[in-house]
Amino acid sequence: MVLTDCSPIPIPQFAAESFGGRTRGVEDCRQWLRRLSQNVMANELVLPIGKSRIEHEPIVYTDSFGDWWVGRYIGSVSFEGITITIEPRFEMEFVAQQLPLNKFAMVNIDGQQIHGEKLFHYLQALMWFNLFSRAAKHSLPVVKVESHHVSNVIRGRLDVRASIHRLSSGSSSVVSIATQKELLNPLSICIALAFNKIQRWFPKQNLLHWLPPILALRLQQVISAVSRHHSIPPVGELNKVRYTSLTSAYKPLMKLSLQILSNRGSDINENSESKAKGLLLDVAELWEIYVLKALRGAYQEGLDVVHGTEGTDDYLLTSTVTGRSMGKLLPDFLVKAANSVQIVADAKYKRLGDAPWLSPKRDDLYQMNAYMSRYQSQMPPDAHCMLIYPQWADKRSSVVNDGPWLFNSGESLSFVTLPTDIQAAVLHLQNLTYTTPKAVLEVG
């Protein structure tokens, strides 16, 4: 069954395809969705994108009216013999553009490649190249290898115990240990074999073109050092790999490469087990990356857009006795000018609407009120708060039209919806004069 993230699930169609009929299969379909939402944790299947904290939610959920919805994840999941593929609402090109990559030269793919296992494969390929681009930025995946030498000349460092043993037996030679870096090693073998498998998934594309030239050259060096028919190194050899400060960046790539080589995902339709299989990406993480780009594009002159997961270390409460802090606050974004906070913003990959089961959620409003309480002393009179949502194809919500809204303390909060074209999003933010600090208006 092919579904779309953050969208209603067509129960009759799902029942007809997977549960034996549009009528008689409806109850079985609903029961399966309920077991999926209760028993399968999304974090067990999600590939992490960056360092941002993850607030894991169900893969599917039901609203207060009993209607079933797809959550914020895309990818493929198989559970109890039933497989669902969740496609991105905003197309795969938008997904690829938000991944924190050294930009791919090619992100457009044939429409047939985003269905069934191909979507799964494409997600794995994107993440594999993402991890390789990070790891290979500074070095090749070379590994230190020790070799023993028996000679009258010491090469490297002396192996004292082995040398004493030879001398005591009448030999005049000593044993030494030399350390050298080799490209042909278990780490490179796994990387090369995983790339070869990804290439078989997409035989019509030259995947080396997905990388900048210098990284493509390094990947080609790895591939050339390893035979296409080389066997996967055993676990014992992989555990003996000695990583340096540079090659340690290859550890996440090694893990994903082994998952690809062990057919994680290619066996997604083999459902002899009740345990869920699959791979997911959290689109909320991608939306947060996109909003950060839009904010930095909109507010440049004299302002600093700080990503809260990396640039803040603030707490809501401080003990009057010990000075200990409690209740760490991590707003998605702070727009700062000098020592003042001009804008506090959070990205929400949710459906903003007027129905009671849609956003804005009460928890989100409490969250913004807590941020306002923390940063109020640093905020000038023209400061502002924003909750930033995707611009769905639905009609514009009255929550947006009736804004900005005011807290009891007098500060304002706006609900902003952004299009998925980055230039249009930047222009939209700049045109919202009530969210633009006076400092920006004066510069403009």
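The values are calculated or read from the model by the stated rules, or taken from the named source; none is laboratory data. The model shown is predicted, which means the values in this text are computed figures rather than measured ones. Don't worry about glycine lacking a Cβ; one is built from the backbone with ideal geometry, like all the others, and counts go over all protein chains shown.
As a summary of the residue check, Tyr349 satisfies the conditions (1) over 16 Å from Ser414 (Cα atoms); (2) at pLDDT 85 or above; (3) touching a Phe, Trp or Tyr at 6+ places or on another chain (Cβ under 6 Å) except for the one numbered (1).
Scanning region 235-250 for residues being more than 12 Å from Phe132 (Cβ to Cβ), assigned to a helix (DSSP H, G or I) and in contact with a Ser or Thr (Cβ under 9 Å, 6 or more places away or on another chain) gives a total of 1.
Residue-wise test of (1) touching a residue at least 60 places away in the same chain (Cβ under 8 Å); (2) part of a loop (DSSP other than H, G, I, E, B); (3) touching a Cys at 6+ places or on another chain (Cβ under 9 Å).
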{"site": "Asn196", "(1), (2), (3)": "no, no, no"}
{"site": "Gln199", "(1), (2), (3)": "no, no, no"}
{"site": "Pro203", "(1), (2), (3)": "no, yes, no"}
{"site": "Leu208", "(1), (2), (3)": "no, no, no"}
{"site": "Ile214", "(1), (2), (3)": "no, no, no"}
{"site": "Arg218", "(1), (2), (3)": "yes, no, no"}
{"site": "Ser224", "(1), (2), (3)": "no, no, no"}
{"site": "Arg228", "(1), (2), (3)": "no, yes, no"}
{"site": "Pro233", "(1), (2), (3)": "no, yes, yes"}
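I need the full set of residues from region 214-244 which are loosely packed, with under 15 Cβ neighbours inside 10 Å, in contact with a strand residue (DSSP E or B) (Cβ under 9 Å, 6 or more places away or on another chain) and not β-branched (Val, Ile, Thr), in order please. Hit for region 214-244 is Arg242, nothing else. Of the numbered criteria (1) within 23 Å of Ile260 (Cα to Cα); (2) modelled with pLDDT of 65 or more; (3) not in a helix (DSSP H, G or I), the one Ile109 fails is (2).
All of (1) in a strand (DSSP E or B); (2) modelled with pLDDT of 80 or more hold for Phe94 with one exception: (1). None of Asp402, Asp394, Asp363, Asp421 is modelled with pLDDT under 80 and among the charged types (D, E, K, R) except Asp394. Would you confirm whether any residue within region 142-163 is part of a loop (DSSP other than H, G, I, E, B), out of contact with any Lys or Arg (no Cβ under 7 Å at 6 or more places or on another chain) and among the hydroxyl-bearing types (Ser, Thr, Tyr)? Checking region 142-163: not a single residue is part of a loop (DSSP other than H, G, I, E, B), out of contact with any Lys or Arg (no Cβ under 7 Å at 6 or more places or on another chain) and among the hydroxyl-bearing types (Ser, Thr, Tyr). One residue alone among Ser176, Ser188, Ser245, Ser262 is at pLDDT 85 or above and either of a type in the set (S, T, N, Q) or more than 22 Å from the chain's Cα centre (by Cα) (or both), and that residue is Ser188. Filtering region 13-33 to residues that are surrounded by 14 or more Cβ atoms within 10 Å (Cβ to Cβ) and closer than 21 Å to Ser64 by Cβ leaves Phe14, Val26, Cys29, Arg30, Trp32, Leu33.
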